[in-house]
Amino acid sequence: MLILLPPSEGKTPAVKGPAVAWESLSFPELNPYRAKVLESLGTVSAHEDALALLGVGASLKDDVERNTRLHAEPAAPAHQVYSGVLYDALGYNSMTTSQRRKATESILVVSALWGAIGFGDQVPAYRLSMGTALPDVGRLASFWKPHLKAALAQRAERELLVDCRSSTYAAAWAPPAAQTVTVNVFSEANGKRTVVSHFAKHTRGEFARHLLTRRSKAPAAPDQLLKAAKEVWTAELVPGTPRKPHALNIILAG
């Protein structure tokens, strides 16, 4: 089982420690492309209109300024750097040692800056969205798509892929449909079903935690994933097609 997560918008900077060691990152074949994105991000972040170019507000000025020195910024494991609703619900710090090991082995974060990294990979905090377009790089989802397809093929082989990414990050890599299950969250009240957004992040984090902390064997097929979801939630599985992944719909009471 491989759990695909988006990064958090907000990140927790490391207070001290060494800078990112590129050779230690998962999928080192992505390093040339990571370097290209990092260089372009640094240039844009130093521009007088950096906030507008990156589509962020004035409150994130310090985050954008940090983008100009990412080569030297302290790095920390991804599970410490990424924070926010989904990662709070995942609750890595409250897991047992064996559960943390399972999380490190099973979680893959798709990133606008790094392409894809493992949960234990050490990276600095940064500010960049997959929906951004950078000079000499273009729209990041389009830039990463061919590179991630090549780099992740072997890692994804014969795995059940539990896709908890948002649509913005899902656009950067489309894993094999037959072995992929996207996780959707709906609210239902009086027979009417609606898509939830903010709380969907929380539920996806809870679901990922459930998969990593339950005592049973990790699901290896879509129907087994549905069974695991039903241990906690009302859920349904929509079968996929040769080109469209399966969909696990988690239904919350409205």
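Brief remarks on what is shown
- Screening residue 231 on (1) within 30 Å of residue 98 (Cα to Cα); (2) part of a strand (DSSP E or B) shows it passes everything except condition (2).
- Subset of the stretch 202-223 (residues that are free of Cβ contacts under 8 Å to residues at least 24 places away in the same chain and closer than 22 Å to residue 186 by Cα): 210, 223
- Residues that are open to solvent by 30 Å² or more (accessible area, probe 1.4 Å), of a type outside the set (D, E, K, R), out of contact with any Phe, Trp or Tyr (no Cβ under 7 Å at 6 or more places or on another chain) and more than 23 Å from residue 79 (Cα to Cα) are absent from the stretch 114-122 altogether.
- Residue within the stretch 93-114 that is of a type in the set (Lys, Arg) and farther than 29 Å from residue 210 by Cβ present: no
- Flag for residue 84 being on the phi > 0 side of the Ramachandran plot, in contact with a Lys or Arg (Cβ under 6 Å, 6 or more places away or on another chain) and touching a residue at least 40 places away in the same chain (Cβ under 8 Å): no
- The residue that is nearest to residue 204 (Cα to Cα), among those in the stretch 1-44 that are in contact (Cβ under 8 Å) with a residue 24 or more places away in the chain and among the polar types (S, T, N, Q), is 8.
- Filter pass, residue 88 being in a helix (DSSP H, G or I), charged (D, E, K, R), modelled with pLDDT under 95 and open to solvent by 20 Å² or more (accessible area, probe 1.4 Å): no
- Hey, residue 158 under 22 Å from residue 246 (Cα atoms) and of a type in the set (Lys, Arg) or not: yes
- Of all residues making up the stretch 57-67, the number that are crowded, with 17+ Cβ neighbours inside 10 Å and not hydrophobic (A, V, I, L, M, F, W, C): 3
- Selection count, the stretch 1-40, where residues are in contact with a helix residue (DSSP H, G or I) (Cβ under 9 Å, 6 or more places away or on another chain) and either at pLDDT below 95 or not in a helix (DSSP H, G or I) (or both): 16
- Here is the figure for the stretch 97-113: residues that are open to solvent by 10 Å² or more (accessible area, probe 1.4 Å) and among the aliphatic types (A, V, I, L, M) total 0.
The values are calculated or read from the model by the stated rules, or taken from the named source; none is laboratory data. Predicted model only: the values in this text are computed from it and were never measured. With ideal geometry, Cβ positions are generated from the backbone for all residues, glycine too; neighbour counts draw on all protein chains shown. These area figures cover heavy atoms from the full protein model, side chains too; ligands, DNA and RNA do not enter into them. Shrake-Rupley method; radii C 1.70, N 1.55, O 1.52, S 1.80 Å.
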